[in-house]
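> Dumping the structure here so I can ask a few things about it.
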Amino acid sequence: MCGIVGYIGKKDAYPILIKGLKRLEYRGYDSAGVALLNNTNQLNVYKTKGKVADLEAYASEKDISGCIGIAHTRWATHGEPNSTNAHPHIGASGNIALIHNGIIENYAVLKQSLQEKGVQFRSNTDTEVLVQLIDFIKTDKKVDLLTAVRTALKIVIGAYAIAVIDKTNPDVVIAARKSSPLVVGIGEEEFFLGSDASPIIEYTDKVIYLDDEDIVVIDRNKKDVEIVDFNNEKIEHEIVTVELNLAQIEKGGFPHFMLKEIFEQPDCLMDCMRGRINVEANNVTLSAIIDNKEHLINARRIIIIACGTSWHAGLIGKQLIENFCQIPVEVEYASEFRYSNPVINNQDVVIAISQSGETADTLAAIELAKKKGAFIYGICNAIGSSIPRATHTGSYIHVGPEIGVASTKAFTGQVTVLTMFALALGKERGSVSEEEYVRIIQELNNIPEKMKELLKIGDDVKQISRIFTYAHNFLYLGRGFNYPVALEGALKLKEISYIHAEGYPAAEMKHGPIALIDAEMPVVVIATKNALYEKVVSNIQEIKARKARVIAIVSEGDVTVKNMADATIELPQTEECLEPLLASIPLQMLAYYIAICKGKDVDQPRNLAKSVTVE
Ligand code: G6P
């Protein structure tokens, strides 16, 4: 939610900042801006409504020189997306420019008090309060920039990652974070800032992940950066090497990141299982389980907390864990959980699932559960992000950076880790039979190959998409393990094609949604040959009797449903508990191709952001 990038060194900052913004555009894309200090220490600020490409077009005729600069791509919270509300914001003196990711919660009080002192505001944002406050303190108290930033941050309440430049301190960038991510890149006589490492890795793999309440002073004449806390006490941080390569964050010949990420899934799942599944030894090992056996084996209850797609993965996780571990599992939206005064104690285990590792509600839910004594296990994708650092232990899903806003490979990676978790913990508890344990491990290992085969259905799905592009409403139905897949399929369609879609447990259709069904409402039904197959077949008959068109996801060789449905997509046979890993693929593709047919921007759908770092 908002991307920030900064550069200070000997090169031209502008091209580095623009490239960095493009890499961070998944975090927000309603407006963008850049502030540069040129070699006569003039502060140039350019801002536009729209995407980074619009900023580039706008700035093309301007003075974009300078070796120090900060830039921002916005997802609006306070104040509509326009060029005035875009960042950077400038203080009243005209000397200081600031970019911000997060929300300043007490901005209204601070704004009023600054206005009473004569400060004039230009924008409707919460962010402007921060730069005006820093500027005011610096001028009023005649202190240096660092003191002004420290003092201001002690006053503001909220979440932020900020970067500040000051034309009266042209060799320095100051940045700070609290509850929003910020990474410092350490190059040769140059430094970088980013909301994540993606704008940095092209230049250096040495980074520092800042912690909450860290303030970093980056001076281009010094070899090292200086990090202090709010009381000006020095803080030492390890410089770490990021394992991220450029190919992972580029489209690699695909027209969209989403399609690339759909097709990457077989490889991603192999990466996710590597070193964890041993098919020769019939074994699955997660080091986090081995290292924390006593907490996990004796869990009285497991509570899964997550948002969005990760919450859907959690619903599948519940079924897996209850099946293999015989531990009761609850699945909660993090945003509800954090305000619900939940009954939790030290016999509970909380599993927090998050692709980005930065979702504000999930982080807050973790803190609450921790306070109440629960043991917290994270399942995340972004290495070094805030959630893995806030949890007691956890497992990364290792599917590589996910850039398309609609989550695809992270979902199947999360389900894969949850499957391994349930099997490994079930084995430790003795609650899964040896026969079942071995059978599922063997089949899990086959999933990437089956997925590869399945991905060849692209052209068929494209055909189906053309037929259904003009529907205004869709219903997605599934049962058991495939009910969360139906929810996820509907979410994918909503997110990128803006078609209203609802996911429902197939049998619940009779209790309401059936009233909506008519010839205009396509129904996607996951009707694979499992224990509930016959029941789902009856549901399809009920739908057909009401003239709706059915797109059915069936098992290979199915004839019954094929004869009833208007379109079918066949899935390779697999274990029932692993079906979500395959069934989600055609639904991802369906959403993708329908959005393409409608001419939508699939990688950057309106109003959404990949990483939701605000409540
Ligand atoms: C946003 C994203 C979704 C994601 C959700 C939770 O809404 O657009 O794709 O599922 O946040 O994010 P997380 O990073 O915690 O999994």
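> In the calculated pair distance distribution of region 3-248, what percentage of Cα-Cα distances lie above 26 Å? Don't jump to the answer; show the numbers that get you there.
Details: 9209 of 30135 pairs.
Value for region 3-248: 31 percent of Cα pairs lie more than 26 Å apart.
> Also, quick follow-up: In region 485-533, which trypsin sites (Lys or Arg not before Pro) are in a loop and have at most 12 other Cβ atoms within 10 Å, using DSSP for the loop call?
none
> Follow-up question, since we're still on this one. Could you tell me how many degrees, from 0 to 90 and to the nearest 10, lie between the Cα long axis of helix 127-141 and the main elongation axis, the longest principal axis, of the Cα atoms of the chain?
20 degrees
> Pull out the extension gain between K510 and N607, defined as 0.36 nm times the separation in residues minus the alpha carbon to alpha carbon distance; nm, one decimal.
My answer for the length gained is 31.6 nm.
> So what is the calculated 222 nm ellipticity per residue for the chain, using -39500 (n - 2.57) for each DSSP H run with n of 4 or more, over all residues, to the nearest 500 deg cm²/dmol?
For the chain, the value works out to -11500 deg cm²/dmol.
> Between D291 and T469, what is the spin-label point distance in nm, taking each point 7 Å from the Cα along the Cα→C-beta axis?
5.0 nm
> Using 0.36 nm per residue, how much length does the chain from Q112 to D140 gain when fully extended, once their Cα-Cα distance is taken away?
8.4 nm
> While we're on this one: Under a point spin-label approximation (7 Å from Cα along Cα-to-Cβ), what is the K222-F121 distance to one decimal in nm?
3.3 nm
> Using Cα positions and a limit of under 18 Å, work out the lysines in reach of K111, with same-chain residues fewer than 8 apart set aside.
Filter leaves K138, K154.
> Any chance you could list P(r) for region 438-597, counting all Cα-Cα pairs in 5 angstrom bins from zero, rounded to whole %?
Over region 438-597, the share of Cα pairs per 5 Å bin runs 2, 10, 20, 24, 22, 14, 6, 2, 1, 0 percent.
> Starting at 0 and stepping by 10 Å, how many percent of the alpha carbon pairs of region 352-454 end up in each bin?
Answer for region 352-454: a P(r) of 14, 38, 32, 15, 1 percent.
> Give the residue list of GluC sites (Glu not before Pro) in region 254-333 that are DSSP loop and have at most 10 other beta-carbon atoms within 10 angstrom.
E280
> Once the piece of chain linking N282 and L246 is laid out straight, how much longer is it, given 0.36 nm per residue of separation minus the C-alpha distance between them?
Contour length minus Cα-Cα distance gives 9.4 nm.
> With each pseudo-label sitting 7 Å past Cα toward Cβ, what's the E367-E615 distance in nm, one decimal?
1.0 nm
> Moving on to the next point. How long are the three semi-axes of the equivalent ellipsoid of region 208-365, in whole Å, if each is the root of 5 times an eigenvalue of the C-alpha gyration tensor, listed from largest down?
Output for region 208-365: semi-axes of 33, 26, 18 Å.
> Mind pulling the angle between the C-alpha long axis of helix 145-155 and the longest principal axis of the chain? Nearest 10 degrees, somewhere in 0 to 90.
On a 0 to 90 degree scale, this one is about 50.
> A further question on this structure: Tell me the angle of helix 257-273 to the major Cα principal axis of the chain, expressed in degrees between 0 and 90 and rounded to the nearest ten.
70 degrees
> For region 360-379 and region 322-353, compute the distance between their C-alpha centroids and round to whole Å.
10 Å
> Give the shape of region 398-521 as rounded, prolate or oblate, defined through the alpha-carbon gyration tensor: a ≥ b ≥ c are the square roots of its eigenvalues, a/c under 1.5 means rounded, and otherwise the shape is prolate if a/b is larger than b/c and oblate if not.
prolate
> Would you work out which of T40, I134, G94 lies farthest towards the positive end of the dipole of region 1-144? Charges go on Cβ: Lys and Arg +1, Asp and Glu -1.
T40
> Where Lys and Arg each count +1 and Asp and Glu each count -1, what net charge lies around D271 among other residues with Cβ under 12 Å from its Cβ?
Values: positive: R274, R276, K409; negative: E243, E264, D267.
Once positives and negatives cancel, what remains is 0.
> A follow-up question, please. How big is the charge dipole of region 1-158 about its Cα centre, in debye rounded to the nearest 20, if each Lys and Arg gets +1 on its Cβ and each Asp and Glu gets -1 on its Cβ?
Here the size comes out at about 360 debye.
> Still on this structure, I have one more. Would you please put 425-437, 161-173, 398-410, 350-362 in order of how densely packed they are, using the mean number of other Cβ atoms within 10 angstrom per residue and starting with the highest?
Per-residue Cβ counts within 10 Å, averaged per peptide and sorted highest first, yield 350-362, 398-410, 161-173, 425-437.
> Calculate the length of the line joining the C-alpha centroid of region 266-320 to that of region 57-77, in whole Å.
That distance is 43 Å.
> Same structure, new question: Please sort by residue number the GluC sites (Glu not before Pro) in region 220-257 whose DSSP state is loop and whose Cβ has at most 15 other Cβ atoms within 10 Å.
Hits after loop and neighbour filter: E233, E236, E238, E243, E250.
> Using only the Cα atoms of region 291-371, build the gyration tensor, take square roots of its eigenvalues as a ≥ b ≥ c, and label the shape rounded, prolate or oblate: rounded if a/c is under 1.5, else prolate if a/b is larger than b/c, else oblate.
The shape class here is oblate.
> In terms of modelled amide H atoms, which long-range or inter-chain residues lie less than 5 Å from the amide H of D126?
Close amide H contacts, sequence-distant or interchain: H78.
> Set the Förster distance to 22 Å, then compute FRET efficiency between E105 and I235 from the Cβ-Cβ distance, nearest 0.05. Could the numbers behind the result be given before it?
Details: r = 25 Å, r/R0 = 1.13.
Computed FRET efficiency for E105 and I235: 0.30.
> Give me P(r) over region 145-227, computed from all C-alpha to C-alpha distances, binned every 5 Å, as integer percentages.
3, 16, 27, 25, 19, 8, 3, 0
> What shape does the chain take by its C-alpha gyration tensor, where a ≥ b ≥ c are the square roots of the eigenvalues and a/c under 1.5 counts as rounded, a/b above b/c as prolate, and the rest as oblate?
It is prolate, given that a/c is not under 1.5 and a/b is the larger ratio.
> Mind ordering 59-68, 338-347, 383-392 by average Cβ neighbours within 10 Å, highest first?
Ranked from most to least packed, the peptides come out as 383-392, 59-68, 338-347.
> Expressed as a rounded percentage, what relative contact order does the chain have, with Cα pairs under 8 Å and six or more residues apart?
Relative contact order for the chain comes out at 11 percent.
> Please compute the volume of the convex hull spanned by the alpha-carbon atoms of region 262-325 and report it per residue in Å³.
Taking the convex hull of the Cα positions in region 262-325, it is 123 Å³ per residue.
> If I take every Cα pair under 8 Å that is 6 or more residues apart in region 405-555, average their sequence separation and divide by the length, what percent do I get for the relative contact order?
Relative contact order of region 405-555: 19 percent.
> So which lysines can K11 reach, going by Cα to Cα under 25 Å and dropping same-chain residues fewer than 8 places off?
K19, K22, K47, K51, K62, K167, K206, K222, K223
Readers should treat all values here as calculations from the given coordinates under stated rules, not as data from a laboratory. Fair warning: this is a prediction, and the values are worked out from it, not measured in the lab. Please note: Cβ atoms are built from the backbone with ideal geometry, for glycine as well, and neighbour counts cover all protein chains shown.
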